[in-house]
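Notes for the one structure printed next.
The values are calculated or read from the model by the stated rules, or taken from the named source; none is laboratory data. In this text, all values refer to a predicted model and were calculated from it rather than measured experimentally. Cβ atoms come from the backbone with ideal geometry, glycine included; neighbour counts cover every protein chain shown.
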Amino acid sequence: MSRTLRVLAAMLTAIFAFAACSSGGTPAPSASRPTATGGPSASPSESSGASASPDASGSGAAPSLGGSVTVVGSWSGSEQESFLAMVEPWEEQTGTSVEYSGSRDLAAQLTAGIASGNLPDVAGLPGPGLMREWYDSGALKALDFVDFAKYESETPPGFAASGKASDDKLIGIFTKAAVKGLIFYNVAGYDGTEPESWDALNGLDPAPAEALWCIGFESGAASGWPGTDWIEDIVLRQSGPDVYDAWVGGEQKWTSPEIKQAFETLGDALDKAHGGSDFVVTTAFGAAANPMFTDPQGCKFHHQASFITDFFKNEGGAADGDFDFFVMPDINPEFAGAVTTAGDLFGMFNDTEQARSLIQYLLTAEAQQIWVERGGFISMNRNVPAEAYPDETSRRSAELLAAATAAKFDGSDLMPNAMNEAFFKAIMEFSQNQDNLDSILADLDTTQADAYSQ
Amino acid sequence: MPPILTAVLVVLAVPAVLVAYILLIEAIVTRLPRRVGPRIRPWLWLFPAFAFVGVFLIYPTIATMIRSVFDRRGEAFVGAENYVWFFGRNDTLTALRNNVIWVVALTAIVVGLGLVIAILVDRVRYESGAKAIIFLPMAISAVATGVIWRFMYELNPDVGTFNGVTAALGFDPQTWLVNEPRNTFMLILTGVWMQTGFAMVVLSAGLKGISTELLEAARVDGANELQVFRGITLPLLAPTIAVIATTIVIFALKTFDVVYVMTNGNFGSEVIANRMYKELFNNTQPGRASAIAVILFAAIVPVMLLNIKRFREQEAIR
């Protein structure tokens, strides 16, 4: 009997051990944060079928290549349908099929793909930081075949260059954009006059609302990111694109007067925020603007990117037409017209004829117009006509982007991950107690010195 | 391979391989000379277990130690640089300090509370019911606990239980997870909620093991309840308390999920394990993450050794 028992015990041990080993193969969890770009898209409006198929002959795609291109992107549902509709004319023209799959966590999937060598030809990229890392490690290929001068002339100034690697080669392209730094208001509480300057805006009388601002920075493990958008908008408007670039690139210290001033400017707004610092640090960004739609109104303004309107409707109980927006006003007139943006990047992992052709095609105004007309897409390409946009918010966002004198990519997304994470944390700590600003900035300098040298 | 085929393979092939291995070694052992066979048999039987422990426990431990003295990409040897980094940064030292607070406070509260509850429920009729309720949180995953307690601490008094109470008492709502150092204790409280049931059940079992004659004899000799507790119950319960305490200390050192879900280390509530996760997955710094893992390991080893020593002593008494 003891012999049978022993056999059984040995077998069980082995089975458990095997089970433990086989579960070890699951992909490691990766911290993800909601990127402001990938916010919920507006539902596609009824597309005007007649104008949906552009004249593809001008797109420059080589005829009949055959074969297929594998594409991984972050889009699913209606966005995925729109993407497939966008590439359909190209598929017809070249005889190449696009094999698309959507992934909720691009960073984890592509990191695993690089390790195993199982990569798509073309992929959406989670952000410029990882994009550069992957290029440096040799996984991502340079896009030398793209006519950079033409691409740059068609996109808002300064934007195309964000897709470049440290050796000045183009490695990522932008097609879809989001405009940040919009100031939303409830039409019942504000007449929509665009304040002339930031000081004028922040000095407005909050009445009939209780407070001037609705601010909420909580976002789970990514808490603080809405505040980083604030700082980026302020730095760009207050100290200009050169300081912005130096700061994002790790050459401008956090303790420098320019960055400190930006934090203090945010502090002025925080002082006028609904519910005080307690509300700011504990309220989820999606619910932050809810008091704007209560009666009596809790606050007058809310600062966020274009995607937030979906939250107004779902969390705040607002309806279309209850709210409107203007662009965050200039702080220093010298840098008037600067906006911060975000966008979805595309890169190439396998250098094939088909992949090159697809990248070329995605950059064209004809291709992007297809998605623009389906809704939920703001095009990077200035040649997409404003009439193509089906709704007011996206049309105005696109006009803003096209008219911008300096369009800068979301700075925290461009920073190394360790810097980005420390920035989030600093925002939370600053919002809770503004008196600690100096020590918070000094800590950020320590991280900066470390993170950029890795 | 389709998943169903993999499953079938695992269910059938793995036991088959093991049975084959056992049959094979038995066939070999019985054919060996009489003196050699019985000697090597235990080793052959133990081999699979040793192999698994080696591959899945010992090898990763050694690999982590080696990795911790290499740079980010694992190419250049950097000596103690990752450790110097750990002990030279404000945020990591905050994490270290908080882990010390966790170890001391969580262990003291859980063992103390567990002991008190175990003794009290021992004297009531509805003992099993009371124990079941206190034990229940053990069955809830740590992440779910974090989510639940986030609601408990919520600022809005209509949602947050704690602020519901403060509002009823006429105070302003509090941000429980924001102000330092209160937030760390609020996080530890969730740990108490999770672990007290476990401590109570084990201590209660230990309590039942103390013979009633001993207690009766003491009472007959005129000892009051406090004297009985201090003179008899506590010394006899000491080994059990030691086991519980070590378990809780290790839990406190490893604590991650609750902190990750509730504050993610903001406002000075960082802990070592959360820092390790961030270095590995957010900052892609496997060298530093490995160094943190080794430091954590080094902190746990003495506790383990103490536990083993105690276990040996107990065995020796028996």
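Numbers at a glance
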item: Hey, B:A132 modelled with pLDDT of 95 or more, assigned to a helix (DSSP H, G or I), in the same structural domain as B:A199 (by TED's automatic domain parsing) and surrounded by fewer than 18 Cβ atoms within 10 Å (Cβ to Cβ) or not; result: no
item: Selection status of A:G375, surrounded by fewer than 22 Cβ atoms within 10 Å (Cβ to Cβ) and touching a residue at least 60 places away in the same chain (Cβ under 8 Å); result: yes
item: Residue in the stretch A:281-297 that is of a type outside the set (A, V, I, L, M), surrounded by fewer than 17 Cβ atoms within 10 Å (Cβ to Cβ), in a helix (DSSP H, G or I) and in the same structural domain as A:A221 (by TED's automatic domain parsing) present; result: no
item: Number of the exception - B:K309 against (1) modelled with pLDDT under 90; (2) surrounded by fewer than 18 Cβ atoms within 10 Å (Cβ to Cβ); (3) touching a helix residue (DSSP H, G or I) at 6+ places or on another chain (Cβ under 9 Å); (4) not small (G, A, S); result: (3)
item: Subset of the stretch A:271-280 (residues that are within 14 Å of another protein chain (Cβ to nearest Cβ) and part of a helix (DSSP H, G or I)); result: A:G276, A:S277, A:D278, A:F279, A:V280
item: Subset of the stretch A:421-445 [of a type in the set (G, A, S) and either away from chain B (no Cβ under 12 Å) or without any contact (Cβ under 8 Å) to a residue 60 or more places away in the chain (or both)]; result: A:A422, A:S439
item: Boolean, A:G73 is under 27 Å from A:N417 (Cβ atoms) and either within 23 Å of the chain's Cα centre (by Cα) or at pLDDT 85 or above (or both); result: yes
item: Close pairs from the stretch B:292-317: first assigned by TED's automatic domain parsing to the domain that holds B:T92, partner among the polar types (S, T, N, Q) and at pLDDT 85 or above, Cβ under 7 Å, at least 6 apart; result: B:A293/B:T64; B:V294/B:T64; B:V294/B:S68; B:V303/B:T246; B:L306/B:T246; B:N307/B:T246
item: Given (1) of a type in the set (S, T, N, Q); (2) surrounded by fewer than 17 Cβ atoms within 10 Å (Cβ to Cβ); (3) away from chain B (no Cβ under 13 Å); (4) part of a helix (DSSP H, G or I), index of the condition A:N383 fails; result: (4)
item: Top-ranked residue in the stretch B:66-89 [being under 26 Å from the mean Cα position of the chain (by Cα) and exposed (fewer than 15 other Cβ atoms within 10 Å of the Cβ); ranked as farthest from B:A299 (Cα to Cα)]; result: B:I66
item: Number of positions in the stretch A:225-255 that are closer than 14 Å to A:H303 by Cα and of a type outside the set (A, V, I, L, M); result: 8
item: Considering residues of the stretch B:49-65 that are in contact with a helix residue (DSSP H, G or I) (Cβ under 6 Å, 6 or more places away or on another chain) and either at the interface with chain A (Cβ under 10 Å from one of its Cβ atoms) or surrounded by fewer than 11 Cβ atoms within 10 Å (Cβ to Cβ) (or both) only, the residue nearest to B:F297 (Cα to Cα); result: B:F52
item: Filter result for B:G37 (within 13 Å of chain A (Cβ to nearest Cβ) and either surrounded by fewer than 17 Cβ atoms within 10 Å (Cβ to Cβ) or farther than 14 Å from B:A289 by Cα (or both)); result: no
item: Of all residues making up the stretch A:141-172, the number that are touching a residue at least 40 places away in the same chain (Cβ under 8 Å), touching a Phe, Trp or Tyr at 6+ places or on another chain (Cβ under 8 Å) and farther than 16 Å from A:N383 by Cα; result: 5
item: Condition met for B:G112 (free of Cβ contacts under 8 Å to residues at least 12 places away in the same chain, of a type outside the set (A, V, I, L, M, F, W, C), within 14 Å of another protein chain (Cβ to nearest Cβ) and not in a loop (DSSP other than H, G, I, E, B)); result: no
item: Residue in the stretch B:212-225 that is polar (S, T, N, Q) and either within 14 Å of chain A (Cβ to nearest Cβ) or outside any helix (DSSP H, G or I) (or both) present; result: yes
item: Filter result for A:A262 (crowded, with 24+ Cβ neighbours inside 10 Å, under 25 Å from the mean Cα position of the chain (by Cα) and assigned to a loop (DSSP other than H, G, I, E, B)); result: no
item: Qualifying residues in the stretch A:207-247 (those that are buried (at least 21 other Cβ atoms within 10 Å of the Cβ), within 16 Å of A:P416 (Cα to Cα) and out of contact with any Lys or Arg (no Cβ under 8 Å at 6 or more places or on another chain)) - the one farthest from the other protein chains (Cβ to nearest Cβ); result: A:W247
item: Which listed residue, of B:L32, B:L5, B:L9, B:L93, is closer than 20 Å to B:A273 by Cβ and at pLDDT below 95; result: B:L93
item: Any hit, the stretch A:166-187, residues being in a helix (DSSP H, G or I), outside the structural domain of A:D322 (by TED's automatic domain parsing), closer than 16 Å to A:D410 by Cα and of a type outside the set (A, V, I, L, M, F, W, C); result: no
item: Filtered residue count, the stretch B:241-265, keeping only those that are buried (at least 20 other Cβ atoms within 10 Å of the Cβ) and without any contact (Cβ under 8 Å) to a residue 60 or more places away in the chain; result: 1
item: The stretch B:158-184 residues that are assigned to a loop (DSSP other than H, G, I, E, B), paired with ones that are surrounded by 18 or more Cβ atoms within 10 Å (Cβ to Cβ) and small (G, A, S) (beta carbon under 6 Å, 6 or more apart); result: B:E180/B:G268
item: Which numbered condition B:R125 misses (of (1) part of a helix (DSSP H, G or I); (2) out of contact with any Phe, Trp or Tyr (no Cβ under 7 Å at 6 or more places or on another chain)); result: (1)
item: Out of A:F325, A:F307, A:F312, A:F301, sole residue that is modelled with pLDDT of 85 or more, away from every other protein chain (no Cβ under 14 Å), more than 16 Å from B:N156 (Cβ to Cβ) and assigned to a helix (DSSP H, G or I); result: A:F312
item: Odd one out for A:G347 among (1) assigned to a strand (DSSP E or B); (2) surrounded by fewer than 21 Cβ atoms within 10 Å (Cβ to Cβ); (3) not assigned by TED's automatic domain parsing to the domain that holds A:D268; result: (2)
item: Residue in the stretch B:259-309 that is nearest to the chain's Cα centre (by Cα), counting only those that are polar (S, T, N, Q) and in a helix (DSSP H, G or I); result: B:N307
